[in-house]
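Beneath this line is the structure, given in structure tokens, with notes to follow.
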Amino acid sequence: MTRRPRRNRQTAAIRDMVQEATLHLQDLIFPLFLIEGQNQKTEISSMPGIYRYSLDMLLEEIAACVALGIKVFAPFPSIPEEKKDKYATESHNPEGLYPTAIREIKKRFPEVALVTDVAMDPYSSDGHDGIVENGEILNDETLEVLGKMALTQAQAGADIVAPSDMMDGRIGHIRQVLDENGFQKVAIMAYTAKYASSFYGPFRDALGSAPKAGDKKTYQMNYANSREALIEAELDTAEGADYLMVKPALSYLDVIRLLRDNSHLPIAAYNISGEYAMVKAAAQNGWIDGEKAMIEILTSIKRAGADIILTYFAKQYAEYLQK
Ligand code: PBG
């Protein structure tokens, strides 16, 4: 045999030298859950190790993460039912929970970058990412709300606004609203290929944001499709997106690779709540080694072509690096 691939796997030094994909802490974005009140920290039962925090406690958590080397955060607000309505009006109240938190975080941690969520679902009494009329999700009317929401977040200090709603034309509309108001420097991370997935369950528990009726299949993508992701990527790029995202990550590694090979923009992947929950549940049962599975999963997402990973494991990975 002249070719023996095992020669390159002989020792740790050699394996490390020929390793192709590497996971850096700076590749990771840590999603955080925000609730009203003070001195509140409640664990999300389907996401062991992940909590909803009131703003005072959230600032403490961010301080701990910054000390571990995490620099980018993606907060999501949990809005009480009585503040929700059909038009997600609370989403563009500058004194609301979310803009207030964005201002406070940027004031206390100017070096941190914030990726903020632009979507109606946490604020919608229908639990949808758009305005619902006779069971239909209205597209263009929803864009108006998204524009106001993105502007409110930019005014509060968001570095990157991230529309997670999958309405048509949202990137162009948000870019226009931001630019008209002097926020040319605020970037847009587009949830480009966001699939209608069963793995969002724990996130919807965390925020109480599940649809009250119907599903999200008229706006989120069919998981059987990948060419359609290229159409979304072309549009988001033409409309001014600065980053493209694939969500979820694990059942969509091929889509991550597809976008990586067809775009020059940074590609993000969202390792979502259900993907986190599966690892935690199996590890708690002693069925897998949770830490090893975490590193394997995150590395595989990098190998597939993601530059950036949004993951609930960010802090646990940072803690692992400290060991
Ligand atoms: C919707 C939104 C979703 C997530 C974040 N924003 C999906 C959904 O509820 O349809 C899911 C994130 C996760 O599961 O970790 N705007």
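Derivation of every value follows stated rules applied to the coordinates shown; laboratory data play no part. Keep in mind the model is a prediction, meaning the values are calculated, not measured. In this analysis, Cβ positions are derived from the backbone assuming ideal geometry, glycine residues included, and neighbour counts consider all displayed protein chains.
Go over the candidates R52, R103, R108 one by one and state the one that is more than 26 Å from Q316 (Cβ to Cβ), charged (D, E, K, R), in contact (Cβ under 8 Å) with a residue 12 or more places away in the chain and out of contact with any His (no Cβ under 8 Å at 6 or more places or on another chain).
Working: R52 fails: more than 26 Å from Q316 (Cβ to Cβ); R108 fails: more than 26 Å from Q316 (Cβ to Cβ).
Within the list R52, R103, R108, the selection yields R103.
Output the residues belonging to the stretch 246-287 that are touching a Leu at 6+ places or on another chain (Cβ under 8 Å) and over 13 Å from Y200 (Cα atoms).
The answer is V246, L258, L259, N262, S263, L265, P266, I267, A268, A269.
Check whether at least one residue in the stretch 179-194 is more than 14 Å from the ligand (Cβ to nearest atom), part of a helix (DSSP H, G or I) and either under 26 Å from L114 (Cα atoms) or without any contact (Cβ under 8 Å) to a residue 40 or more places away in the chain (or both), and report yes or no.
yes
Taking the stretch 282-309 only, how many residues are free of Cβ contacts under 8 Å to residues at least 40 places away in the same chain and not in a loop (DSSP other than H, G, I, E, B)? Let's see the steps before the verdict.
Step one: list which residues in the stretch 282-309 are free of Cβ contacts under 8 Å to residues at least 40 places away in the same chain, which gives 282-283, 285-294, 296.
Those left that are additionally not in a loop (DSSP other than H, G, I, E, B): 282-283, 290-294, 296.
Of the residues in the stretch 282-309, 8 are free of Cβ contacts under 8 Å to residues at least 40 places away in the same chain and not in a loop (DSSP other than H, G, I, E, B).
For (1) of a type in the set (G, A, S); (2) within 16 Å of the ligand (Cβ to nearest atom), each residue gets a yes or a no:
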position: V118; (1), (2): no, yes
position: E133; (1), (2): no, no
position: E136; (1), (2): no, no
position: V145; (1), (2): no, yes
position: A156; (1), (2): yes, no
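Collect the residues in the stretch 259-280 that are surrounded by 22 or more Cβ atoms within 10 Å (Cβ to Cβ), among the hydroxyl-bearing types (S, T, Y) and either away from the ligand (no atom under 16 Å from the Cβ) or over 15 Å from Q316 (Cβ atoms) (or both), keeping them in residue-number order.
Y270
Which residues, taken from the stretch 146-178, are part of a helix (DSSP H, G or I) and out of contact with any helix residue (DSSP H, G or I) (no Cβ under 7 Å at 6 or more places or on another chain)? Don't jump to the end; show me each part of the working.
In the first step, residues of the stretch 146-178 are kept if they are part of a helix (DSSP H, G or I); the result is 146-156, 170-178.
The answer is Q155, Q176.
Quick check, is D215 acidic (D, E) and near the ligand (Cβ under 10 Å from one of its atoms)?
yes
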